[in-house]
Amino acid sequence: GWRVCLAHSFEELRQPYGAGDVPLRDVLRHIGLGLRYFRWWIKKTRIEKKSAFIDLLCAVPLQQIYGCPLGGIGGGTITRGWRGEFCRWQLNPGLYHYETVIANQFTVCLRCKEQTIYQQVLSVERPSSLQGWNWGYCGHYAFYHALYPRAWLVYELPGQKVVLTCRQVSPVIPHDYKDSSLPVGVFIWEVENGRDEDVEVSIMFSLQNGTGAKEDRSGGHWNEPFSFQKDGERVAGVLLHHCPAVNPFTLAISAREKAGTGVTHVTAFDPTGLGREVWQDLLQDGRLDSPTGKSRLTEKGEVTAAAVCASCRVPAHGHKTLELALAWDMPCVHFGSKEKLHFRRYTRFFGSEGDAAPALSHYALTHYEEWERKIEAWQNPILENSQLPCWYKSALFNELYFMTDGGTIWMEVPPDCRAEDLQGPAGAGLSHLLPVLREYGRFAYLEGQEYRMYNTYDVHFYASFALIMLWPKLQISLQYDIAVTVVNEDVQLRQYLMCGQTAQVKMKNVVPHDIGDPDDEPWQRVNAYLMHNTADWKDLNLKFVLQVYRDYYLTHDSLYLQDMWPVCQAVMESEMKFDTDNDGLIENGGFADQTYDAWVVHGASAYCGGLWLAAVCMMCKMAEVLGDTEIRQKYLGILNKGKEAFERMLWNGKYYNYDSSGSDTSSSIMSDQCAGQWFLGACGLDQGEFEV
């Protein structure tokens, strides 16, 4: 284990030096880092029985199998691969389970003249379980396409003159703060019959009770059929109740009943056996037996599954649609510490009793068409813009998957919550904190699925454009949470792994690195990041100021600006100590003291210096908007001095140097050197007196 730690550590070490040129002090420093990390990892994983927030020893192997995830924002996600498999599960908040559950499949049955002529699992797999099913669909006849939050799987059924298109839809809709929170996905199956005769088509959706984890075998799980009718629309299916001790949930598979469409089901079957009883049931008449009543509770070591089937007759050379859905209801959740019970956003609309899966299924199957209209109205102007390259259009939409599948949580604030409960000892000045959080909830997402820290602020700086442009109230809510953390402190001491020093967890008037680890208690205990003491980082405070003005510029929310103004002043005053020579420009401290946390920076730098000047510029603009003449004059003076120092110390006639140290790496070109200027440009402040 320690060798792996050292390997990662030396990978960082090699970058600034030649192969045989590493100073002894740096070798010893990295050995110390590796040993400190290994000691911490043993304590965390073996003694506390928790997972590491960054696990260098047991990283998840890369599998290039993942496609478009299912689900809205903050209710958990279930990811399907591009071959149709259900392969990644994020139902417990922020924690991932990577497992392809083989029983989770779509199966097609074709019948002509009362005879079954074709029955096939729509999967290329040939598993060791469920061998009574017909596996091994030829992937040559299938095609996958995704444009988040939708995906398409097209199947040509060999020799049958029938084409199936499964369109997958999740409710991810800009400026929507209700439907976008729902834990549902819809599968619309378009059936094209190229035959000269009618064909009866059945689509069976089978699902295991659980996520493929060991808890599936813990016993006490059970299934039951359901039907739900409202406003003349009827949905039927099976509920799969999964009952672990922490964070129990219900899965629901269902189909929409309508004229010409029948819905049948199997309440329970063994997904570890041959599966012949289910296969033969469907093969016999294209329907399932639909037994009534609940299944029995599973025994310890036993797994259960269920299936729902939608059937219709498609005329010769005709077209029909079958609509199925997957919903999951985990309304109340504990994070890893199990200290507080949290309620997900969707419980505001569907209740928190754990009985919402039928209503969620019905709502999804009767509203997905409206969702698609809104998604197309949002996406089409960009897709139809011939000035934009295709790769850019793909990236704009498909990278948004992380809005839902970034371990994302969207929690309600309890109705009896008081402002003091949220503000902490020093947050009384944030007068609109409670109204904002009460109306729009609290939002958080991970830095990465393997960098398990919520709202990592140095990189949220970049991703925040997706929030402020598409769900601006979530960005405002997130900023209020950060502001509360800024004005408060955590005086507990801990050792930081990179330097070995002991320091306070969170200093007052300093922006936190993150708001916590989902395996602990986010919002309550912040700064899960143990590598560096980020109180000494140069970019976090600046990125807060830049986002505050950017948010105001795009939303015109003057109440927000008034609340954030004192916080901006506090973090900028805190930042002033890094201008050690009083030339109007901050200096880096000779270690990796910014988001590029393996890159050492000395003195003035293009990246942090540029962010600083942009933040000073925005302080001038905010002071102007708020009529604070004294503060405006103060920062104008700093800006004029700082601009001169930036040019003098960093401009080399062609570009800005990485830093002013004069070292071998000093003259490197840093691709992100104009990040501050980019933010100014996004706010219309990159011309004339504001150009830094």
message = Tally up the residues in region 516-559 that are within 22 Å of residue 421 (Cβ to Cβ) and in contact with a helix residue (DSSP H, G or I) (Cβ under 6 Å, 6 or more places away or on another chain), please.
response = 1
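Quick one: is residue 576 modelled with pLDDT of 95 or more and closer than 26 Å to residue 477 by Cβ?
Criteria not met by residue 576.
If I ask for residues that are within 30 Å of residue 285 (Cβ to Cβ) and modelled with pLDDT under 95, which ones from region 63-108 would you list?
none
Restricting attention to region 51-63, does a residue exist that is charged (D, E, K, R) and either in the same structural domain as residue 153 (by the TED database) or touching a strand residue (DSSP E or B) at 6+ places or on another chain (Cβ under 6 Å) (or both)? I'd like the intermediate steps shown before the answer.
Filtering region 51-63 for residues charged (D, E, K, R) gives 55.
Pick out the ones that are also either in the same structural domain as residue 153 (by the TED database) or touching a strand residue (DSSP E or B) at 6+ places or on another chain (Cβ under 6 Å) (or both) and you get none.
For region 51-63, residues charged (D, E, K, R) and either in the same structural domain as residue 153 (by the TED database) or touching a strand residue (DSSP E or B) at 6+ places or on another chain (Cβ under 6 Å) (or both): absent.
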query = How many of the residues making up region 464-486 are over 20 Å from residue 438 (Cβ atoms), open to solvent by 20 Å² or more (accessible area, probe 1.4 Å) and not small (Gly, Ala, Ser)?
reply = 3
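Just to confirm my filter: which strands (runs of 3 or more DSSP E) fall fully inside region 447-559 and include at least 2 residues that are modelled with pLDDT of 95 or more?
Working: elements: 451-454, 490-495, 502-506.
By residue number, 451-454.
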ask   = Identify, please: which residue in region 334-383 is aliphatic (A, V, I, L, M), surrounded by fewer than 23 Cβ atoms within 10 Å (Cβ to Cβ) and within 22 Å of the chain's Cα centre (by Cα) and is, among those, nearest to residue 223 (Cα to Cα)?
value = 341
key: Every residue from region 102-118 that is open to solvent by 10 Å² or more (accessible area, probe 1.4 Å), touching an Asp or Glu at 6+ places or on another chain (Cβ under 8 Å) and not in a strand (DSSP E or B)   = 102, 113
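Residue by residue, here is whether (1) surrounded by fewer than 17 Cβ atoms within 10 Å (Cβ to Cβ); (2) assigned to a strand (DSSP E or B); (3) out of contact with any Pro (no Cβ under 8 Å at 6 or more places or on another chain) holds:
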{"site": "200", "(1), (2), (3)": "no, yes, yes"}
{"site": "210", "(1), (2), (3)": "no, no, yes"}
{"site": "229", "(1), (2), (3)": "yes, yes, yes"}
{"site": "246", "(1), (2), (3)": "yes, no, yes"}
inquiry  = Looking for something touching a residue at least 60 places away in the same chain (Cβ under 8 Å), surrounded by 16 or more Cβ atoms within 10 Å (Cβ to Cβ) and assigned to a loop (DSSP other than H, G, I, E, B) - is there at least one such residue anywhere in region 139-146?
reply    = no
ask   = Going by the conditions given, is residue 196 closer than 16 Å to residue 368 by Cβ and either assigned to a loop (DSSP other than H, G, I, E, B) or in the same structural domain as residue 106 (by the TED database) (or both)?
value = no
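Which one is surrounded by the fewest Cβ atoms within 10 Å (Cβ to Cβ) among residues in region 281-316 that are basic (Lys, Arg) and touching a Lys or Arg at 6+ places or on another chain (Cβ under 9 Å)? Give the steps one after another, and end with the answer.
Step one: list which residues in region 281-316 are basic (Lys, Arg), which gives 287, 294, 296, 300, 313.
Next, from what is left, pick out any that are touching a Lys or Arg at 6+ places or on another chain (Cβ under 9 Å): 300, 313.
Values: 300: 8, 313: 15.
The residue in question is 300.
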message = Checking the condition within 27 Å of residue 645 (Cβ to Cβ), open to solvent by less than 30 Å² (accessible area, probe 1.4 Å), in contact with a Gly (Cβ under 9 Å, 6 or more places away or on another chain) and touching a residue at least 40 places away in the same chain (Cβ under 8 Å), which residue from 583, 563 passes?
response = 583
query = Among the residues of region 404-417, is there at least one that is in contact with a strand residue (DSSP E or B) (Cβ under 7 Å, 6 or more places away or on another chain), modelled with pLDDT of 95 or more, closer than 28 Å to residue 251 by Cβ and assigned to a helix (DSSP H, G or I)?
reply = yes
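Scan region 59-88 for residues that are farther than 18 Å from residue 172 by Cβ and open to solvent by 10 Å² or more (accessible area, probe 1.4 Å) and report the count. Before you say what the answer is, go through the steps one by one.
The initial filter retains those residues of region 59-88 that are farther than 18 Å from residue 172 by Cβ, namely 59-65, 81-87.
So of that shortlist, the ones also open to solvent by 10 Å² or more (accessible area, probe 1.4 Å) come out as 59-65, 82-83, 85.
Selection size over region 59-88: 10.
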ask   = Do you know which of the residues in region 452-463 that are within 12 Å of the chain's Cα centre (by Cα) and open to solvent by 10 Å² or more (accessible area, probe 1.4 Å) is farthest from residue 177 (Cα to Cα)?
value = 452
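Among the listed residues 686, 628, which satisfies the condition of being at pLDDT below 95, open to solvent by 10 Å² or more (accessible area, probe 1.4 Å) and in the same structural domain as residue 553 (by the TED database)? It would help to see each step written out before you state the result.
Details: 628 fails: at pLDDT below 95.
After ruling out the rest, the residue left standing is 686.
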request  = Among the numbered conditions (1) closer than 30 Å to residue 354 by Cβ; (2) touching a residue at least 24 places away in the same chain (Cβ under 8 Å); (3) surrounded by fewer than 16 Cβ atoms within 10 Å (Cβ to Cβ), tell me where residue 214 comes up short.
outcome  = (2)
inquiry  = Anything in region 504-525 that is open to solvent by less than 20 Å² (accessible area, probe 1.4 Å) and among the hydrophobic types (A, V, I, L, M, F, W, C)? List them, or say none.
reply    = 505, 510, 511, 515
task = Could you grab me the full set of residues in region 387-444 that are within 23 Å of residue 557 (Cβ to Cβ), open to solvent by 10 Å² or more (accessible area, probe 1.4 Å) and among the aromatic types (Phe, Trp, Tyr)?
result = 440
Options 369, 339; residue that is acidic (Asp, Glu) and assigned to a loop (DSSP other than H, G, I, E, B) = 339
key: Long-range neighbours under 7 Å by Cβ, at least six apart or interchain, first residue in contact (Cβ under 8 Å) with a residue 24 or more places away in the chain and hydrophobic (A, V, I, L, M, F, W, C) within region 243-263, second assigned to a loop (DSSP other than H, G, I, E, B) and open to solvent by 60 Å² or more (accessible area, probe 1.4 Å)   = 246/338
ask   = Which condition does residue 54 not pass, out of (1) surrounded by 17 or more Cβ atoms within 10 Å (Cβ to Cβ); (2) at pLDDT 95 or above, if it passes all the others?
value = (2)
ask   = Which of the residues that make up region 89-116 are without any contact (Cβ under 8 Å) to a residue 60 or more places away in the chain and either in contact with a strand residue (DSSP E or B) (Cβ under 6 Å, 6 or more places away or on another chain) or not assigned by the TED database to the domain that holds residue 187 (or both)?
value = 98
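Among the listed residues 649, 670, which satisfies the condition of being at pLDDT 95 or above and surrounded by 13 or more Cβ atoms within 10 Å (Cβ to Cβ)?
Details: 670 fails: at pLDDT 95 or above.
Answer to the check: 649.
The values are calculated or read from the model by the stated rules, or taken from the named source; none is laboratory data. The structure displayed is predicted, hence computed values, not measured ones. Every residue, glycine as well, gets a Cβ built from its backbone with ideal geometry; the counts of neighbours run over all protein chains shown. In case anyone asks, the SASA skips ligands and DNA or RNA and just uses the protein heavy atoms, side chains included. Shrake-Rupley method; radii C 1.70, N 1.55, O 1.52, S 1.80 Å.
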